[in-house]
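In what follows, a single structure is set out as structure tokens and then discussed.
The values are calculated or read from the model by the stated rules, or taken from the named source; none is laboratory data. Just so it is clear, the structure is predicted and the values come from calculations on it, not from any experiment. Every residue, glycine as well, gets a Cβ built from its backbone with ideal geometry; the counts of neighbours run over all protein chains shown.
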């Protein structure tokens, strides 16, 4: 017998008698109500009656306090409802409840319900719960077996854990590992020697589980084995061993971790330092403090960061020294420490650092002041936010996050916004947009009406407020032609409000003499929606101004209504190629079926631009319709259309598409341009077909990766708002 086998057998022998004693206590889960009297006479678990009742059969069992819940559990049709009911009976569970719960752990039930039942069996204190769980150790589903082991280990009961030691002795290799890991994770120190003996017998994935379980067992006798893993294991195992040593704690573990911190690889230093901080005793603190003076900066940084998570006067002294360091990382950790500990005594030092340090340090210090809280920190941030400088915006933002800083942040933001300048002016407007106060709203109105560099962002902020005064301001600016750019933004903003009361301004703007205003109003109406908007946008699609028509087409596509789709269907056949292409693209978004019909008609057109538009829109159609259209298009007499279709067909994908493209590549009658497109497409698609045709792909693949474009036509849609006179 191996050493591991002998150790497991020794532990199992201690628990076998207890294991055998448990099973007779379990009641049958399938006992019917009318059989309970007979079950009691056979010695099954019985919650009611006394000794006299057993002999005479005359006394009735007291009603179970869980009778109503049991009835609901039997009637439950939802696993979640059943789980809630079982959990509700945990504290008052008797053997009848235990049997009912165990029945839900049987294989015919859904996995989630079985797992829930196992958790409940692990929580109840009835003797038979251990027997039910022990039977689940033989379940065909490993997940169920593992859940049962975890439930047994969590019982903190020597009999339950004896069952696991027996499983570790008699089961297969996987069962042995699962049982021992469950014991270790339940802090059972007796499992430690068995886990250590298991380490060299398992693969890397299992080895990590064993290492983690050794940490949870918290037995100092595992330190030597874990130290070896921390020095010589793979990267993943070293990390696991370091964490496990932190769980075990004690001087021996701390010394191993200190060695890793001083001599380990760079990616292990933080883990080792954090593990020492987790131990947190006198030895661990001393070792971390000593590491601050290590010659390697990354060791110093790791130690400082770990110390910042601890408490105590000696830690505070270290952090005070860190504030005066020239090392930015040390300063960041120190300032964060004081922020988290609400230590107002360092506010003057933090203010001085915010004003005289690098931007990185100053930003970190400002964040620490906000975390620190209190009146002193708030007043400090008010001062920093009020002075122009690189940290002004950060200070204002942090001030607004403080529980006692909202009013102060509003006052500073209003002052900065009215000054219309400074590095934090945009930040001030953004804060006022989120501030629902009348003072904030009035300031934004003032800025918009006054114009200037902040007017645009202030106008957007008024949309967020959305009150009558804000909307009235937007309406006024949308009618004012003194500032065309701001007027266009106001029109767009009105569309985004969703308020139908703004439609009159937008409708009037569609008749404006300025084409840019008309186009902007059309787009805004589409965003606003409604019947009037739909009617006007559709009418604009017949304008003699081509740019206005294209804007209207895109707007109809955005509206997505049935009437808009009908309009787009007609416009997709427009004489202007740009309008037709835009309409077809928009139609594909709102009604792919209608777009497919138009695209197929285009493929029969003698106009190469119409056929190209059909190919371009194919990827937006339903896959079957797209493949049908593109299978025709790849043989188009215009080589450029065919080559474009090959690329789109590859995007749509599918076995049929792959075969079609491979056929083009192999066909001697296929034009070279199309063959090059097919070679590139097959190479990108990969798979067996690409490997079979590797030689042809290498011969024809187009290395220029250029895009095919029909002569005299631009496929781009242009900007949403074209500049005036840009036609």
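General remarks:
- Inter-residue pairs, beta-carbon under 6 Å, first under 13 Å from residue 509 (Cβ atoms) and in the stretch 525-548, second part of a loop (DSSP other than H, G, I, E, B), 6+ apart: 536/510
- Taken as a whole, the condition of being free of Cβ contacts under 8 Å to residues at least 12 places away in the same chain and more than 26 Å from residue 481 (Cα to Cα) applies to residue 566.
- Qualifying positions in the stretch 117-139 - closer than 12 Å to residue 175 by Cα and within 36 Å of the chain's Cα centre (by Cα): 137, 139
- Output for the stretch 400-429, where each listed residue is within 21 Å of residue 490 (Cβ to Cβ) and either in contact (Cβ under 8 Å) with a residue 60 or more places away in the chain or out of contact with any helix residue (DSSP H, G or I) (no Cβ under 7 Å at 6 or more places or on another chain) (or both): 420
- For the stretch 471-493, the count of residues that are more than 30 Å from residue 384 (Cα to Cα), touching a residue at least 40 places away in the same chain (Cβ under 8 Å), under 39 Å from the mean Cα position of the chain (by Cα) and surrounded by 19 or more Cβ atoms within 10 Å (Cβ to Cβ) is nonzero.
- Taken together, the residues in the stretch 390-437 that are farther than 24 Å from residue 374 by Cα and in a helix (DSSP H, G or I) amount to 8.
- Residue match in the stretch 217-224 (condition: buried (at least 20 other Cβ atoms within 10 Å of the Cβ), touching a helix residue (DSSP H, G or I) at 6+ places or on another chain (Cβ under 8 Å) and over 24 Å from residue 167 (Cα atoms)): yes
- Residue that is nearest to the chain's Cα centre (by Cα) [pool: residues in the stretch 360-375 that are surrounded by fewer than 17 Cβ atoms within 10 Å (Cβ to Cβ), assigned to a helix (DSSP H, G or I) and modelled with pLDDT of 90 or more]: 374
- Qualifying residue in the stretch 75-87 (condition: free of Cβ contacts under 8 Å to residues at least 60 places away in the same chain, more than 34 Å from the chain's Cα centre (by Cα), over 24 Å from residue 159 (Cβ atoms) and assigned to a helix (DSSP H, G or I)): yes
- Options 434, 387, 411; residue that is surrounded by fewer than 18 Cβ atoms within 10 Å (Cβ to Cβ) and modelled with pLDDT of 95 or more: 411
- A single entry from 623, 637, 671 fulfils the requirement of being surrounded by fewer than 22 Cβ atoms within 10 Å (Cβ to Cβ) and under 19 Å from residue 584 (Cβ atoms): 623.
- All positions within the stretch 316-335 that are touching a helix residue (DSSP H, G or I) at 6+ places or on another chain (Cβ under 6 Å) and surrounded by fewer than 18 Cβ atoms within 10 Å (Cβ to Cβ): 325, 328
- On inspection, residue 518 fails the criterion of being without any contact (Cβ under 8 Å) to a residue 40 or more places away in the chain and surrounded by fewer than 17 Cβ atoms within 10 Å (Cβ to Cβ).
- Qualifying position, being surrounded by 20 or more Cβ atoms within 10 Å (Cβ to Cβ), outside the structural domain of residue 82 (by TED's automatic domain parsing), in contact with a helix residue (DSSP H, G or I) (Cβ under 9 Å, 6 or more places away or on another chain) and under 30 Å from residue 223 (Cα atoms), among 167, 153, 148, 186: 186
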